[in-house]
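S.K.: I have a structure here, written as structure tokens, and I will follow up with some questions on it.
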Amino acid sequence: MTVSSPLPPAAARDAAALPQRLVGLRSLAHNLAWSWNREVRQLFREIDESLWHRLRHNPIRLLQQVAPARLAALAEDPRFCAWYDEAMQWLARETDGAHTWYSRTYPELRGQTVAYFCAEFGVHDSVPIYSGGLGVLAGDHLKTASDLGVPLVAVGILYRNGYFDQRVRLDGWQEDSDARIDFSAVPVDPVPGTNGAPHLVTVRTFGRDIHIRAWRMQVGRVPVYLLDSDLDSNHPADRPLLSKLYSGGPAMRLRQEWLLGVGGVRVLRALGIAPAAWHANEGHAAFMMLERVRERCAAGVDFEEAVAQVRSESIFTTHTPVPAGHDHFPVAEVRACTEGAWKELGVPVDRVLRLGYQPEAGEETFHMTALSMRLSRRINGVSRRHGIVAREMSRSLWPGRPAERVPLGHVTNGVHLATWMANPIMALLDEHLGPAWGHAHDPALWEQVLTLDDRELWETHGKLKGILMRLIREEARRAFGRRDLEAAQLVGAGPLLDSHVLTIGFARRFATYKRADLVFRDVERLRRIVTNADRPVQLVFAGKAHPADTPGKQVLQRVYEFTRDPAFEGRVAFVEDYGMHLAHLLVQGVDLWLNLPRVPLEASGTSGMKAALNGVPQLSTIDGWWEEGFEGNNGWAIPPEVDGDDGVLTADRLYALLEEEVVPRYYDRDAHGLPRQWLAMMKHAIRVAGQQFTARRMLEQYARAYYAPAILGDNLPDDPPSA
Ligand SMILES: *Cc1c(COP(=O)(O)O)cnc(C)c1O
């Protein structure tokens, strides 16, 4: 047997080091459900608080590094042991599916699993296999499925080199380094192959067999199988195919997607899992549908019939409102990639390749979205507005159809409340709404947020803001100490930020359409707003540009330059290495969330929902979720008609809003020092997000309108795209 890397699971060792009384801590650390359970997080923090923070909340590392004497003492501490016992009982409940929303709502669907495929999953910062919104959304989807008992089985890729760590040079240019997975500190366990082989399945492509290993990661009740091709038995050129997320150009992407789709289905089969419905989150995973067509053809089913069968049990969610953003490959490449799978079945390969035909893209292009739409009966966009855009974009697949009649719906994204809402805000709601508020999707309950006590809410927010400011200062100090940061960069890292100043957060991928630099359109006007002596404003930026996105890196560089501009008096900061950890602190700790996407390019946008759940109102162009979420009292909006191509009018409107509404309202304090009008807006932000933009609402919609009908069938006629 060959094992290609030094990774016997850390499991045995961790457990060996634990006192017998607390041996279950290992199981707690190895199920990511700990990350959204307040009591279990506190349990880990209690073990060694400073170590916990230093290790960025990684319980596996914590158990490896904590002093054995400390664990021994805790094993003798009745209070800790009682707490631990409760956590263990919770874990046992958490892993059985007996009393969940899903089992109550759909008793007849017991035992019917739903496969969920995605190219990236953002579950926790310690598992760097996500790049941004899509992955974090997929992670929130899994967590919520676990909470509700939706029987999901997820499939993704274990990128050994992670996404990337970001460092910004003195001149503002982003440098990328691998965020390598440290197998001893990540909750993944290898799934053994047959007869002790490390690989579980084999996928043939471009004339070679590739062995695929699977790793299992547990997200509450939901298992996630992560694929990996880095095995000695593979050709050296194939070993790194799955090692890096979104890199290596189209040839590598095609191979990755083929391995994800085909390998993913085969892994589930090898494990004896037989999903009743299959959900592809974005087109990267669409080959899983083609593999299922192939399976049927191999069993003797006619090709067209096999397509119809696969359609009836498939669900496809599209996320990208720009045609160029959809994955597509040269037909000749796809032919070489897939041919081996079809030739022996006697199905003409041209008939197969036609499934990826998209009229606008032409005959020579294989389009993953077209493939997904031909092989999925149920298709959706991710906000009401994106649904409209996606129907318009997909019209050519249903020729002669008005856009309204394209069979593509929408499920607006939502965020996982227990992941994104700060503990102190949750504690506030515990007191005011009663203990049941988190356990149901009940819009009426959220109205009561409006009666929260102003002072308590303001103090809670102030505490969260203080945590963010302290982290920024500490990071700057440490980086400077390590000499990662030169003196000239120090101010731009934010040590001069002031907790009493209105703080605006802007954090997201540096894709050009998100226009991070738009706020600097009129530098002098912005400078006056920022450095106003009575009512100053500060801006905190964070985000990564895709390593291959030179224009995105240029935008980042431009923003970075302003952080060092003395005219802004240290009130503009850029914080490096945006990921889920930093995202938490930012959405919980700033005063206002800013979002300026070029309309209609933001399909949904979810960071503003996270901010809103924490009482942080949003100021945004009306795009994505904000078209549904903006109610006039929960933030500010820039209407789309203002949004010209160059953004001048949008910037203008932004400055006017800041000068005339945002800044005055923030600094308008009553005799007790409370900004009453601002606080009202904070409450409405929480109310609207809680009522409409949680992942719970989203999952219930997927279950009712997509999963259950896909499993149970319906009487509606099928309405596939043209051939
Ligand atoms: C939520 C989140 C995103 C998505 O934010 P957008 O609003 O869609 O830009 C990206 N990255 C991280 C780390 C997130 O937590």
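S.K.: Amide H to amide H, which residues 5 or more places from Tyr163 or on other chains are under 5 Å from it, using H placed in the peptide plane?
M.R.: Tyr130, Ala179
S.K.: Count the net charge of all other residues whose Cβ sits under 9 Å from the Cβ of Trp101, scoring Lys and Arg as +1 and Asp and Glu as -1.
M.R.: Values: positive: Arg104, Arg696; negative: Asp147, Glu700.
Cβ neighbours under 9 Å give a net charge of 0.
S.K.: Okay, moving on. Any chance you could run the full-extension gain for Glu333 through Arg384? It's 0.36 nm times the residue separation minus the Cα-Cα distance, nm to one decimal.
M.R.: 14.8 nm
S.K.: Next up: Rounded to the nearest 0.05, what FRET efficiency do Ala705 and Arg70 give with R0 = 60 Å and r taken as the Cβ-Cβ distance? Could you check?
M.R.: 0.75
S.K.: A further question follows. By the scheme Lys and Arg +1, Asp and Glu -1, what is the net charge of all other residues having a beta-carbon under 14 Å from that of Glu49?
M.R.: My count for the surroundings of Glu49 gives +3.
S.K.: Give me the percent of accessible area attributable to carbon and sulfur for the chain, probe 1.4 angstrom.
M.R.: For the chain, the apolar C and S fraction of the accessible surface comes to 51 percent.
S.K.: With a ≥ b ≥ c the root eigenvalues of the C-alpha gyration tensor of region 9-94, is it rounded (a/c under 1.5), prolate (a/b larger than b/c) or oblate?
M.R.: Rounded.
S.K.: By how many nm would the segment from Glu305 to Leu674 lengthen if fully extended, with 0.36 nm per residue of separation less the alpha-carbon distance?
M.R.: 126.2 nm
S.K.: Sticking with this one: Cα centroids of region 585-615 and region 262-315: how far apart, whole angstrom?
M.R.: 36
S.K.: Report, ordered by chain and residue number, the aspartates and glutamates lying within cross-link reach of Lys553, taken as a straight Cα distance under 13 Å and ignoring same-chain residues fewer than 8 apart.
M.R.: Asp171, Glu175, Asp176, Asp517, Glu561
S.K.: Where both partners of a DSSP beta bridge lie in the chain, what percent of those bridges are antiparallel, to the nearest 5?
M.R.: Rounded to the nearest five, the antiparallel share is 35 percent.
S.K.: Right, next: Under the 0.36 nm per residue contour assumption, what length would be gained going from the current alpha-carbon distance of Asp189 and Met252 to full extension?
M.R.: 20.1 nm
S.K.: I would also like to ask the following. Hey, got the dipole for region 9-94? About the Cα centre, +1 on K and R Cβ, -1 on D and E Cβ, debye to the nearest 20?
M.R.: Its charge dipole is roughly 300 debye.
S.K.: Report, by chain and number, residues whose modeled amide H sits under 5 Å from the one on Ile638, excluding near sequence neighbours (fewer than 5 apart, same chain).
M.R.: Close amide H contacts, sequence-distant or interchain: Ser620, Thr621, Ile622.
S.K.: Quick check for me: using +1 on Lys/Arg Cβ and -1 on Asp/Glu Cβ, what's the dipole size of the chain about its Cα centre, in debye to the nearest 20?
M.R.: Roughly 980 debye, rounded to the nearest 20.
S.K.: Now for a different question. Along the charge dipole of the chain, Cβ charges K/R +1 and D/E -1, which of Phe164, Leu355, Val203 sits furthest on the positive end?
M.R.: Val203
S.K.: On to the next question. Within the set of other residues whose C-beta is less than 15 Å from the C-beta of His672, count the net charge using Lys and Arg as +1 and Asp and Glu as -1.
M.R.: -3
S.K.: On to the next question. If amide H atoms are built 1.01 Å from N in the plane of the peptide, which residues on other chains or at least 5 residues away come under 5 Å of the amide H of Val415?
M.R.: For Val415, the qualifying residues are Thr694, Ala695.
S.K.: Here's a follow-up. With the cut-off at 1.5 for a/c, could you classify region 294-336 from its C-alpha gyration tensor as rounded, prolate or oblate? Walk me through the intermediate numbers first.
M.R.: Values: a/c = 4.01, a/b = 1.52, b/c = 2.64.
Cα axes put region 294-336 in the oblate bin.
S.K.: Could you report the chain's accessible area per residue, 1.4 Å probe, as an integer in Å²?
M.R.: Here the per-residue accessible area is 37 Å².
S.K.: Under 19 Å from a point 7 Å along the Cα-to-Cβ line of Ser103: which residues of region 423-439 have their amide N that close?
M.R.: Residues passing the 19 Å test: 439.
S.K.: Hey, if we sort Ser372, Ser177 by accessible area with the 1.4 Å probe, largest down, what's the order?
M.R.: Ser177, Ser372
S.K.: Shape verdict for region 555-683, please, from the Cα gyration tensor: rounded (a/c under 1.5), prolate (a/b greater than b/c) or oblate.
M.R.: It is rounded, given that a/c, with a ≥ b ≥ c, falls under 1.5.
S.K.: In nm, give the distance between the simple-model label positions of His500 and Asp652, each being 7 Å from the Cα along the Cα-to-Cβ direction.
M.R.: For the pair His500/Asp652, the computed spacing is 3.6 nm.
S.K.: Can you bin every Cα-Cα distance in the chain into 10 Å intervals starting at zero and give me the percent of pairs per bin, rounded to whole numbers?
M.R.: 3, 14, 24, 27, 20, 10, 2, 0, 0
S.K.: Pick out, in residue order, every one of the GluC sites (Glu not before Pro) in region 482-583 that is DSSP loop and has at most 12 other C-beta atoms within 10 Å; say none if there are none.
M.R.: Listed in order of number, the matching sites are Glu486.
S.K.: May I pose another question? Specify the longest stretch of the chain that does not include any exposed loop site, a site being one of the trypsin sites (Lys or Arg not before Pro) with a non-H, G, I, E, B DSSP assignment and at most 15 other Cβ atoms within 10 Å.
M.R.: That would be 181-481.
The values are calculated or read from the model by the stated rules, or taken from the named source; none is laboratory data. These numbers come from a predicted model, not from an experiment. All Cβ positions, glycine included, derive from the backbone under ideal geometry; neighbour counts span all protein chains shown. Please note that ligands, DNA and RNA were not included when accessible areas were found on the heavy atoms of the full protein model with its side chains. Shrake-Rupley method; radii C 1.70, N 1.55, O 1.52, S 1.80 Å.
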